[in-house]
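Let me begin by presenting the structure, written as structure tokens, before commenting on it.
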Amino acid sequence: MTEASSRLASRVKLKDAHLVTRMTDIAEGLPDVIKLGRGDPDLDTPAHIIKAGQEALANGATHYMHPLGMPALRRAIADNIAAYGGARYEPENIVVTPGGQHAMFVIALALLNPGDEILVPCPGYNPYHQAAEMAGAETVHIRTSMETNFCVTAEMVRAHITPRSKILVLINPNNPTGTVTPPAEVARIAEVAKEHDLIVISDEIYARLTYGNHTVQPVAALPGMFERTITLSGMSKAYAMTGWRIGYFAGPPDLIPALAEINHAFAISTTSVSQHAALAALTGPQDCVEDMRAIYDERRRVLCAGLTELGIPYAEPQGAFYVYADVSKTGIGATLFCERLLREGQVLMYPGGIYGDYTDDFVRMSLTQPVARIREAMTRMKAVVETIRAETRAA
Ligand code: PLP
């Protein structure tokens, strides 16, 4: 242990951050890298949203805002949640945050005591683990596999419950797997949550991005779930607004004041210009979301066809903008595979270990490049896979 790291609090775990930074550092030193790493859309924020932000700035939106968020924005969020089959929230039960990720830490710090357990799908979006650990709680990983297309089932949840279980996280569609938990399964999981008095964090940030006939059941709208569910979402994914840093959570009236207090302590309020832009996003024309969804859908098909041709199995991507593929049959683990693909083929993707995957078999590919670049990535990947397979055969 270095002197510097010995000064860090035991809550700070560096493993996940190290991997992303390491891959990014390698990519920085290489020419013409095709980046399928970060979950950051290459598509620009739609023009009318940018315009609303510019106008807001010109009109003086340069100050702190209401601690819970601009009232008109909270009203628009409430209407938007209800319009897509969610619960009917009052604006005072919604807190606007500088990104959905920030909300995870607010919620964990407000609700988890040391020793509490939080059940998180595995693989799943890793900041939930970090938020729980910072609150002194323990993460219980609900391990999923290709057998259920990485879907969490009610039985799996039940099998992980202990007297210390407090929160269940559902990420639907899931990152990194692209899994959409079927509505009937969500309803069954909700019954388990009620039986065991769990609070559910329902992360629905990718809910508008689903493919085929897959749809997301908002958890808070299910019978008896409103009072125990915190809905977490944001504008980053559906409206390509990652850089604006704006998201929100909505919950039952008895939890919101404490959560709002912690959010205020962290952020005072969310960036004013981003709130105005988010208002334009939610109240303006929605065809931009459908247009982007259709673009991801096409990329998804192209990438999956490429993987099939390469004989690389993958989970069916039903939502979000990721493809989760099993590279273990090449003969090397996913972490090494990613590094070799980056160095030898200049294609960046992330090993599943970043998302808590317990296997080192899977890689996550983001659909954040145009179709032509995805085809090129597949061509480069083919060459690297063939080299690795030849080495494996020779060994
Ligand atoms: N939830 C999930 C499942 C995500 O994948 C992400 C970002 O990748 C977030 C929440 C947080 O997004 P943001 O902080 O940009 O709102």
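Quick notes on this structure:
- Solvent-accessible area, 1.4 Å probe, carbon plus sulfur percent, for the chain: 55
- Under the convention that each Lys and Arg Cβ holds +1 and each Asp and Glu Cβ holds -1, the size of the dipole of the chain around its Cα centre is about 420 debye.
- Each of VAL302, PRO183, PRO253 was placed along the dipole of the chain (beta-carbon charges, centred on the mean Cα), and the one lying farthest toward the positive end is VAL302.
- Counting lysine pairs in the chain that sit 8 or more residues apart in sequence, or on different chains, and whose Cα atoms lie under 29 Å apart gives 15.
- When the helices of the chain are scored as -39500 (n - 2.57) per DSSP H run of n ≥ 4 and the total is divided over every residue, the value at 222 nm lands at -13500 deg cm²/dmol.
- Charge dipole (debye, nearest 20) of segment 132-187; +1 at Cβ of Lys and Arg, -1 at Cβ of Asp and Glu: 140
- Computed on the Cα trace of segment 315-391, the radius of gyration divided by the Kirkwood hydrodynamic radius gives Rg/Rh = 0.95.
- 1.4 Å probe accessible area per residue over the chain, in Å²: 41
- Of all DSSP beta bridges in segment 83-173, antiparallel share, percent nearest 5: 0
- Over the chain, the hull volume per residue, using the convex hull of the C-alpha atoms, is 155 Å³.
The values are calculated or read from the model by the stated rules, or taken from the named source; none is laboratory data. None of the values given here were measured: they were computed from a predicted structure. Here Cβ is always computed from backbone atoms with ideal geometry, including for glycine, and neighbour counts include all displayed protein chains. Just so you know, the surface numbers come from the protein's heavy atoms only, side chains and all, with ligands and any DNA or RNA stripped out. Shrake-Rupley method; radii C 1.70, N 1.55, O 1.52, S 1.80 Å.
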